[in-house]
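Input: a single structure, listed below in structure tokens.
The values are calculated or read from the model by the stated rules, or taken from the named source; none is laboratory data. Please read these numbers as outputs of a predicted model, since none were measured by experiment. FYI the Cβ positions are ideal-geometry reconstructions off the backbone, even for glycines, and counts take in every protein chain you see. In case anyone asks, the SASA skips ligands and DNA or RNA and just uses the protein heavy atoms, side chains included. Shrake-Rupley method; radii C 1.70, N 1.55, O 1.52, S 1.80 Å.
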Amino acid sequence: MKRTYIRRAAELVTCSGDKAKHGSEMKEVGIIKNGAVLIEDGHIALVGSTEELDKKVDFQTAELIDAGGQAVLPGFVDSHTHFLFGGYRADEFGWRLQGESYLSIMEKGGGINATVTPTRAASVEDFVALGKERLNTMLRFGVTTVEGKSGYGMDKDTELRMLRAMKILDESHPVDVVRTFLGPHSVLPEWKGKEREFLRYMLTEVMPEVKKEDLAEFADIFTETGVFNIEDSTWYLQEAKKLGFRLKVHADEIAPNFGGSEMAVSCGAHSADHLLKASDEGIRRLAEGNTIATLLPLTAFCLKEPYAPARKLIDAGCAVALASDLNPGSCFSNSIPLLIALGCIYMNMRIEEVVTALTLNGAAAVGREKEIGSIDPGKQADLIFLHYPSIQFLPYRTGVNIVSRVMKRGELVI
Ligand code: NIG
Ligand code: FE
């Protein structure tokens, strides 16, 4: 058996729990001063203070890691990304700086549809090579599990290639990749006015194959004005559930009072994501239910949109997760340091809430709260070390990556 003993962590931030934290629970991160963790075969075996664990651990058989002066916390979970795609859309970023809106660019043929042609041209090998580079940047920021969506193929072959590549990456790269099918990511010109038919094509031609090859756990849809309406989205989600998918929704990003959050809760979705324009009723429904409210501040920042009402959601009792939304259009960033800064400075979240949102609640948003997201006995040893003694340095050392070491399943990978 391989044993690793981490001791003298200035603060061990356990985020202890095996289910999402709601509302006021989010600030309880369970800090152990001068903390220690014993890892056995990639899993956490003992957690406590260094004094306590020094008495229990056999120093002869364990590899020692000194975390003196450093905070240790669970690896971050980036629970919403579109990290696989072909080509780039730097021109659109420039147009937005000149005042054009995301939807107007989409209407004139830019946006998601513009990524489809270069994505359809990519092979599984191309995706794996691109994906590996992008996962490497995530790992350096302390992300040990990521969710990745298909959705830039919108035809059977390309959607399957994207997911097959993510499966290969999951098996070959230290970062775990939770896969989501997002066939209904937008409406291509040839399907305009035939949205139901398009969804039926996805449900009958593509998704059974996705399930057969075990390519995705989740199904997602972009419910938005000019994309998929509530009626069609509800039907798609209900049908996807019958096929065995867990559900996610791109909800209430742009149009106010669209009802995306309410629909996500009614359909029993695992998460409702974006929520910039969530209504009071939507927030109330999210707080009562088990649907995680996943907020994507980097996207709001890049689109110059007002941030999602994090304070209102948490104060209402919702379970909030934070994620990057890395994608080629609305947000070509997976900067965890910037995300943390925005969460704390502009969304008025406490650093403890931000840490919960990026660990245990992120894990819950991808259905892995029993395996990852906290430092508890039995969980996978996915841990990060900071250059500084406390999580308070995460927003304070603004926009700078302060992750010094990353451990995945008990092995130091950074
Ligand atoms: O989550 N909103 C829909 N999908 C992505 C954007 C994808 C793109 O612009 O390429 C998002 O922001
Ligand atoms: Fe997204």
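When both bridge partners sit in the chain, DSSP labels roughly 45% of those beta bridges antiparallel. Note on the stretch 288-362: with charges restricted to the Cβ of Lys and Arg (+1) and Asp and Glu (-1), its dipole about the Cα centre is near 140 debye.
Ordering 206-212, 189-195, 268-274 by mean Cβ neighbour count within 10 Å, with the highest value first, yields 268-274, 206-212, 189-195.
Site pair L412 and N229 shows an inter-label distance of 5.9 nm when each label is modelled 7 Å from Cα along Cα→Cβ. With a cut-off of 8 Å between alpha carbons and a minimum separation of six or more residues, what is the relative contact order of the chain in percent? Value for the chain: 22 percent.
Between the stretch 161-232 and the stretch 249-306, the C-alpha centres lie 19 angstrom from each other. Distance between the pseudo-spin-label points of L188 and Q392 (7 Å out from Cα toward the beta carbon): 5.4 nm. Straight-line cross-link reach from K55 at under 18 Å between alpha-carbon atoms covers these lysines, not counting any fewer than eight positions away in the same chain: K33.
Considering only alpha-carbon pairs that sit under 8 angstrom and 6 or more positions apart, the relative contact order computed for the stretch 31-120 is 19 percent. Dipole orientation for the stretch 272-392: of the candidates F385, C331, A364, C331 has the Cα lying most toward the positive pole (charges on Cβ; Lys, Arg +1; Asp, Glu -1). Our estimate of slack between D155 and K132, defined as 0.36 nm per intervening residue step minus the Cα-Cα distance, is 5.9 nm.
Only helices enter this figure: runs of n ≥ 4 DSSP H residues, each worth -39500 (n - 2.57), summed and divided by the residues of the chain, yield -10000 deg cm²/dmol at 222 nm to the nearest 500. The overall shape of the stretch 355-414, judged from the alpha-carbon gyration tensor, is oblate: a/c is not under 1.5, and a/b is no greater than b/c.
Taken per residue, the accessible surface of the stretch 31-92 reaches 41 Å², heavy atoms only and a 1.4 Å probe.
For the stretch 50-110, chymotrypsin sites (Phe, Trp or Tyr not before Pro) are listed when DSSP marks them as loop and at most 12 other Cβ atoms sit within 10 Å of their Cβ; the list is F59. Within the accessible surface of the chain, defined with a 1.4 Å probe on protein heavy atoms only, the carbon and sulfur portion equals 50 percent.
Which FRET efficiency value, to the nearest 0.05, is calculated for E63 and E209 with the Förster distance at 45 angstrom and r the Cβ-Cβ distance?
Here the calculated transfer efficiency is 0.50.
The modelled label-to-label distance between S266 and D280, using points 7 Å beyond Cα along the C-beta direction, is 2.1 nm. Classify the stretch 224-287: rounded, prolate or oblate, from the alpha-carbon gyration tensor (a ≥ b ≥ c, eigenvalue square roots; a/c under 1.5 rounded; otherwise prolate if a/b is larger than b/c)? Because a/c hits 1.5 or more and a/b fails to exceed b/c, the stretch 224-287 counts as oblate.
3J(HN,Hα) couplings calculated from phi for the stretch 18-25 with the Karplus curve 6.51 cos²θ - 1.76 cosθ + 1.60 (θ = phi - 60°) are, in sequence order, 10, 8, 4, 9, 9, x, 5, 5 Hz; Gly and Pro show x.
Would the stretch 66-218 count as rounded, prolate or oblate if I go by the C-alpha gyration tensor, calling it rounded below 1.5 in a/c and otherwise prolate when a/b exceeds b/c, oblate otherwise? Oblate, because a/c is 1.5 or more while a/b does not exceed b/c.
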